[in-house]
Amino acid sequence: MKKTWGRADQAVRLGPRSAIVLGLASLAGLMMFVWPLLVRVEPQSMQHGPDAPFIFIGILPILIVIVLAELSEGGMDSKALAMLGVLSAVNAALRPLGAGTAGIETVFFMLVLAGRAFGAGFGFVLGCTSLFASALLTAGVGPWLPFQMLCSAWIGMGAGLLPRRVTGKAEIAMLVGYGIVVAYVFGFLMNLWFWPFITTAEVPYHDGHISYVPGDSVWENLHRFAVFTLLTSTAGWDTGRAITNTVAILVIGPAVLATLRRASRKASYGTLPTFTAP
């Protein structure tokens, strides 16, 4: 008799150990974004330039630990690794099609669909590998890359955590709504990583100070940051990203999701092989 673990469509099982590691990695990643709001930091023109290499070096071992934890628990086999490589390459090839112009990002809808089809653990790892591969392809390696990798990992993981009982047109509607939400959340977080280090942030159509103020309360700085985000990216880049996700999921989402699920069934990720004596 064959033994199974988890759902049959989960390419990467989140066992107890790997779930703890992933949770700690996410918590550490969140602190990477918000720590300037919790301590007194003087704005710098170099943003995260001096410390970004160390952050990048710190993220990669965490991701390696996640993968090793999955492998040691039997949660990621060669078929899952092969699918991870294929989808990472697809996302790396898709990203230059939009190149971020006016917020058009063609990489996130695939993260949503793959996370939905293969599970939260697979979505997390795919988000990291996709952005890393696409950065190498488009010469987009810089201090922003580790932050993009982590945000994308959360997008893929969140898609895998959506309610499983929703199917059909309701499922596509749910994924569209999720794609819109994460488009704005991605913009919010990617603004947060550099905003505390901008000096004298001002826009001509707003009368007021919207820069980070060292020593002010968290809520006052968050209010300035919210105004900064609304005025600089929400109506433009973030909305363009949300529209791209919506159109892509509506137009090709059902076909891609069916294809991914068919591949998952054929790969039988949830089935462990058994051997019988001759």
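General observations
- Inter-label distance for Leu250 and His209, nm, one decimal - labels placed 7 Å from Cα along Cα-to-Cβ: 4.4 nm
- Which of Trp195, Trp144 is most accessible, then next, and so on - probe 1.4 Å: Trp144, Trp195
- Val181 paired with His223, simple spin-label distance in nm, labels 7 Å along Cα-to-beta-carbon: 2.7 nm
- Anisotropy class of segment 148-249 from Cα gyration tensor, a/c 1.5 cut: prolate
- Between Leu137 and Ile104, the modelled label-to-label distance comes to 1.7 nm, taking each label 7 Å out from Cα in the direction of the beta carbon.
- In terms of the mean number of neighbouring beta-carbon atoms within 10 Å, the peptides 179-188, 221-230, 29-38 order highest first as 179-188, 221-230, 29-38.
- Calculated FRET value between Val34 and Leu230, using beta carbons and R₀ = 25 Å, to 0.05: 0.85
The values are calculated or read from the model by the stated rules, or taken from the named source; none is laboratory data. Since we're looking at a predicted model, the values are computed, not measured. Here Cβ is always computed from backbone atoms with ideal geometry, including for glycine, and neighbour counts include all displayed protein chains. Only protein heavy atoms, including side chains, enter the accessible area calculation; ligands, DNA and RNA are left aside. Shrake-Rupley method; radii C 1.70, N 1.55, O 1.52, S 1.80 Å.
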